[in-house]
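For reference, the structure is listed below as structure tokens.
The values are calculated or read from the model by the stated rules, or taken from the named source; none is laboratory data. Computed from a predicted model, the values in this text were never measured in an experiment. Don't worry about glycine lacking a Cβ; one is built from the backbone with ideal geometry, like all the others, and counts go over all protein chains shown.
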Amino acid sequence: MEWRHDLHQRGSRWTLGDGRLVVTARISRLVCLDPHDGTVNWDVPAGTWPYGLAHGPGSCLVLPQTPSDLICLDAVHGAVRWRAGLARYTGHLTVTTSAVLVGGWRGYTPMTAFEPVTGERLWRTPAPVAVQEPFASGGSVLVAEAGTGRVQAVDPRTGEAELVGELPEPVREYDAEPVFVRFDDERVLLSGQTALWELRPADGRFRQLSQAFYGRPPVVVGGQIWLPDGRDALLLDGDGRPCARVTPAGRFAGAAAVRAGHVVADSEGHLTLLTPEGGRLGRVRIDRKILAVRNLDADRILVLGKGSVSAVRIRV
């Protein structure tokens with residue numbers, strides 16, 4: 001372990017961008033760390049238990065449960081650039097270079113877009129909508145309607161929508177996880193009710209990748225796909241063909257790519273190092289619980305634990 005920072009709570013959200021790691025801490029604060037050495041850049045109050053946290057152009061956007069505000073912080077200093085008052089239960093946060101979108105969580109509120117630099121409101125749907133977490137793709141935002149298979153491309157500046165296509169089944173409804181996952185520059189993975197689908201937004205083509213879909217969102221690692229299955233995880237190649245099935249020591253908590261292969265994390269605090277084909281190379285326990293992992297570079301990963309965030313170097 002190269003460094004570790006105590007959060008004094010179960011870390012609920014984190015975002016990595018522009019060489020800065022921002023994570024929730026002490027219930028009502030955000031901490032910005034240098035991901036390479038763990039140095040604290042800033043530590044500021046930002047409301048409680050955010051619905052969303054994301055990097056924007058030179059900024060960090062946070063959508064706390066209380067107060068009901070969208071808050072834009074300067075990424076370098078942590079100072080508030082602007083804030084916008086919102087209706088209660090305004091969930092979902094999607095950030096593009098041209099707009100910040102919120103709303104549509106559980107159908108409680110309209111979708112609303114704000115200018116990312118000034119905080120000026122750009123548009124709002126005339127009534128509450130029920131959508132899954134929108135996803136920035138190219139110059140538009142993909143929006144999946146809850147309870148249907150309809151996917152629309154929304155212009156983030158104007159709110160104008162165009163139908164991309166429709167799955168032959170409803171999209172899966174997640175409360176706090178993404179229904180869209182980026183696969184590469186041309187393809188997006190989309191979680192259906194019973195199957196995992198590949199979407200090409202440019203032409204609206206859907207393709208079923210796997211029927212072996214167990215409900216939780218996929219994780220893309222090094223051009224391959226991990227599908228959680230309870231305590232197990234199924235590894236697929238880029239065409240959806242099964243490569244391996246791995247049983248971690250606890251519930252699958254995420255995966256990351258390193259020079260040696262793949263690192264699979266589990267809920268009991270273990271990291272398991274695998275070959276790209278899924279063969280086990282080793283396992284070590286580094287924490288009581290692991291909530292998520294993500295890449296830092298070819299040899300290091302970031303680990304979000306029950307009460308801490310850390311950087312771990314993977315050695316074979």
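If you go through segment 111-140 and keep only what is modelled with pLDDT under 95 and in a loop (DSSP other than H, G, I, E, B), you end up with Gly138, Gly139.
Taking every residue in segment 112-132 that is more than 13 Å from Leu70 (Cβ to Cβ) and pairing it with any residue that is outside any loop (DSSP other than H, G, I, E, B) and of a type in the set (Val, Ile, Thr), at least 6 positions away or on another chain, the pairs with Cβ-Cβ distances below 8 Å are Trp123/Thr112; Thr125/Thr112; Val131/Val143; Gln132/Val143; Gln132/Val171.
A Cβ distance below 8 Å, combined with a sequence gap of six or more or placement on separate chains, defines the contacts here; from segment 197-223, residues that are of a type in the set (S, T, N, Q) and surrounded by 14 or more Cβ atoms within 10 Å (Cβ to Cβ) reach residues that are part of a loop (DSSP other than H, G, I, E, B) and modelled with pLDDT under 90 in the pairs Gln208/Gly240; Ser210/Gly240. Considered as a group, the residues in segment 98-148 that are surrounded by fewer than 18 Cβ atoms within 10 Å (Cβ to Cβ) and of a type in the set (D, E, K, R) include one that is farthest from Asp175 (Cα to Cα), and that residue is Glu120.
Scanning segment 146-161 for residues that are free of Cβ contacts under 8 Å to residues at least 40 places away in the same chain, in a strand (DSSP E or B) and small (Gly, Ala, Ser) gives a single hit, Ala161. The residues of segment 29-49 that are surrounded by fewer than 22 Cβ atoms within 10 Å (Cβ to Cβ), under 19 Å from Gly91 (Cα atoms) and touching a residue at least 24 places away in the same chain (Cβ under 8 Å), listed by number, are Gly47, Trp49.
Assess whether Val143 counts as being part of a strand (DSSP E or B), modelled with pLDDT of 95 or more and farther than 19 Å from Val62 by Cα. Considered against the rule, which asks whether it is part of a strand (DSSP E or B), modelled with pLDDT of 95 or more and farther than 19 Å from Val62 by Cα, Val143 comes out as yes.
In the set (1) crowded, with 21+ Cβ neighbours inside 10 Å; (2) over 19 Å from Gly103 (Cβ atoms); (3) touching a Pro at 6+ places or on another chain (Cβ under 9 Å), Leu61 fails one condition alone, (2). Here is the figure for segment 297-306: residues that are at pLDDT below 95 and among the hydrophobic types (A, V, I, L, M, F, W, C) total 1. The sole residue among Leu291, Leu296, Leu281, Leu273 that is buried (at least 20 other Cβ atoms within 10 Å of the Cβ) and in contact with a strand residue (DSSP E or B) (Cβ under 7 Å, 6 or more places away or on another chain) is Leu296. Against the condition surrounded by fewer than 17 Cβ atoms within 10 Å (Cβ to Cβ), touching a strand residue (DSSP E or B) at 6+ places or on another chain (Cβ under 7 Å) and in a loop (DSSP other than H, G, I, E, B), how does Thr194 come out, does it pass? For Thr194, the condition - surrounded by fewer than 17 Cβ atoms within 10 Å (Cβ to Cβ), touching a strand residue (DSSP E or B) at 6+ places or on another chain (Cβ under 7 Å) and in a loop (DSSP other than H, G, I, E, B) - is not met. Note on segment 248-268: residues that are modelled with pLDDT of 90 or more, within 19 Å of Val316 (Cα to Cα) and not in a strand (DSSP E or B) total 1. Among all residues of segment 188-202, there is at least one that is out of contact with any Ser or Thr (no Cβ under 9 Å at 6 or more places or on another chain), farther than 25 Å from Ser267 by Cα and of a type in the set (D, E, K, R).
The single residue among Arg283, Arg288, Arg245 that is over 20 Å from the mean Cα position of the chain (by Cα), among the charged types (D, E, K, R) and assigned to a loop (DSSP other than H, G, I, E, B) turns out to be Arg288. Being surrounded by fewer than 21 Cβ atoms within 10 Å (Cβ to Cβ) and not in a strand (DSSP E or B) is a property that does not hold for Arg4. On the basis of being surrounded by 20 or more Cβ atoms within 10 Å (Cβ to Cβ), part of a loop (DSSP other than H, G, I, E, B) and over 21 Å from the mean Cα position of the chain (by Cα), does Thr90 make the cut? The answer is no for Thr90. Within segment 162-184, does at least one residue satisfy the condition of being among the acidic types (Asp, Glu), closer than 25 Å to Pro57 by Cβ and within 20 Å of the chain's Cα centre (by Cα)? Checked segment 162-184: at least one residue is among the acidic types (Asp, Glu), closer than 25 Å to Pro57 by Cβ and within 20 Å of the chain's Cα centre (by Cα). One residue stands out in segment 25-55 among those that are of a type in the set (S, T, N, Q) and at pLDDT 95 or above: the one that is nearest to Leu73 (Cα to Cα), namely Asn41.
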